[in-house]
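First up is the structure itself, then whatever we jot down about it.
The values are calculated or read from the model by the stated rules, or taken from the named source; none is laboratory data. These numbers come from a predicted model, not from an experiment. Methodologically, a virtual Cβ is constructed for each residue, glycine included, from the backbone with ideal geometry; neighbour enumeration extends over all protein chains shown. We work out accessible area using only protein heavy atoms, side chains counted, and drop any ligands, DNA or RNA first. Shrake-Rupley method; radii C 1.70, N 1.55, O 1.52, S 1.80 Å.
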Amino acid sequence: MKPLLSASHAAAGAREDAQVSRLLNVLSGAAIVFLVGIGLKSWFAGHLLHAWVLGLFSLLVLWTMARFAVTGDRVRQKRSLILIAALLFVYLIASGGESNTGPLWFYVFPPLLFFLTDLKTGTAVLLLCCLVAAIVFEFPQLPFVGAHYSTDFKIRFFATLAFESIFCFILEAGRLKARNELVELAATHEHAARTDELTGLSNRRDMQHRLLVEFSRYQRSGHHFSVVLVDLDWFKSINDTHGHDMGDAVLRQFATTTAEVIRKTDVAARWGGEEFLILLPDTALLQALTLAERLRQAVAQTRFGQTAPPVTVTLSAGVASIAKCASLDDLLRQLDQNLYAAKAAGRNQIAPRVRRDDEPIRSAPGLP
């Protein structure tokens, strides 16, 4: 079940990343309009250097958008925008912007930072920017500093920034916690929807999905696969004689035995009642027959239940390969026919017929 869940979560994560990228494109476009607008205002007000710098930052944002449109690299898009925003705010604090209002734009940074990064990274970047701001405030004589701020402004700036940053941190931590809880809840529901409650194997719905995926893979790349349809012999008599609790115990123990016999790449599912279907990827008919016979022998040698004498369980199974069928419907139809043939021949056997260890060598129908 885990590969399907992982794929589902990966798809959900990809959709979320795509939504974030679209939002970043919208924010980037708005930032360009804003920077150009303020830059033009500064130009006409005679602050030419400030206008040129804002124009440069708008070009950097535009370049980031263009590069993302070409490469689709979301990680680089986030990092580039964070770096540009950090440099812009450092410039605004050092230069003061217009009328020493540049530091006020820093309040936009914490929510954007925590939204685009994890909490640890966002906190580290934010602390680094605050350190730069503290240096600018404390040493206005530095060559790259062109603004002077009053003590009252410095105190209020850091106090309000600290409050906003803590508030954003708490909100983002709560959002991430709620998101993770929803992901875990969705995973639990998805697992339950694809799992047979009694045996813990895949259920019919999940197996049908896997068969469709495997058949599509076969059509694309020619990778053959086989399936085994298993029916526990005389299962109704077990329920009638020993009770349904014993019947449930037999089904659970059979599921455990099956999981021990099949390969890690194989998938077993409860197909319905006492019927089980096993999907064998990259497996030819003869290999599938061999595995089905091995499972038959393992079940025949297993002690089922705690009764004395223990319950004896045997199985009949039909085996089919996609190489012999034109569609999934044909494959399942062939499976049913082969299972019926195994039952009609006396049960406790595999169809097409394979040799048992206690039988003389003979050719199985349909096999060389």
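Taken across the stretch 198-215, residues that are in contact with a Pro (Cβ under 8 Å, 6 or more places away or on another chain) and closer than 30 Å to D329 by Cα do occur, with at least one present.
Being out of contact with any Pro (no Cβ under 7 Å at 6 or more places or on another chain), closer than 30 Å to R270 by Cα, open to solvent by 70 Å² or more (accessible area, probe 1.4 Å) and among the acidic types (D, E) holds for only one residue in E184, E138, and it is E184. Per the listing L315, L291, the residue uniquely at pLDDT 95 or above, aliphatic (A, V, I, L, M) and closer than 29 Å to Q219 by Cα is L291.
One line per residue, one yes/no per condition, for (1) without any contact (Cβ under 8 Å) to a residue 40 or more places away in the chain; (2) within 19 Å of I84 (Cβ to Cβ); (3) surrounded by 13 or more Cβ atoms within 10 Å (Cβ to Cβ):
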{"position": "N100", "(1), (2), (3)": "no, no, yes"}
{"position": "G122", "(1), (2), (3)": "no, yes, yes"}
{"position": "G146", "(1), (2), (3)": "no, no, yes"}
{"position": "R179", "(1), (2), (3)": "yes, no, no"}
{"position": "T188", "(1), (2), (3)": "yes, no, no"}
{"position": "R204", "(1), (2), (3)": "no, no, yes"}
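Residues in the stretch 34-83 that are open to solvent by less than 80 Å² (accessible area, probe 1.4 Å) and more than 23 Å from V125 (Cβ to Cβ): V36, G37, I38, G39, S42, A45, G46, H50, A51, G55, A66, G72. Of all residues in the stretch 267-284, at least one satisfies being open to solvent by less than 40 Å² (accessible area, probe 1.4 Å), over 25 Å from the mean Cα position of the chain (by Cα) and among the β-branched types (V, I, T).
When A298, A323 are checked against the criterion of being over 12 Å from L229 (Cα atoms), open to solvent by less than 40 Å² (accessible area, probe 1.4 Å), of a type in the set (G, A, S) and outside any strand (DSSP E or B), a single residue qualifies: A298. Within the option set L27, L35, L40, L5, being in contact with a helix residue (DSSP H, G or I) (Cβ under 6 Å, 6 or more places away or on another chain) and either hydroxyl-bearing (S, T, Y) or modelled with pLDDT of 80 or more (or both) holds for one residue only, L35.
Out of the stretch 206-240, which residues are open to solvent by less than 50 Å² (accessible area, probe 1.4 Å) and of a type in the set (A, V, I, L, M)? Once the filter is applied, which keeps residues that are open to solvent by less than 50 Å² (accessible area, probe 1.4 Å) and of a type in the set (A, V, I, L, M), the stretch 206-240 yields M207, L211, V227, V228, L229, V230, L232, I238. Criterion applied to R179, R205, R252 was being in a helix (DSSP H, G or I) and under 30 Å from T117 (Cα atoms), and the one residue passing it is R179.
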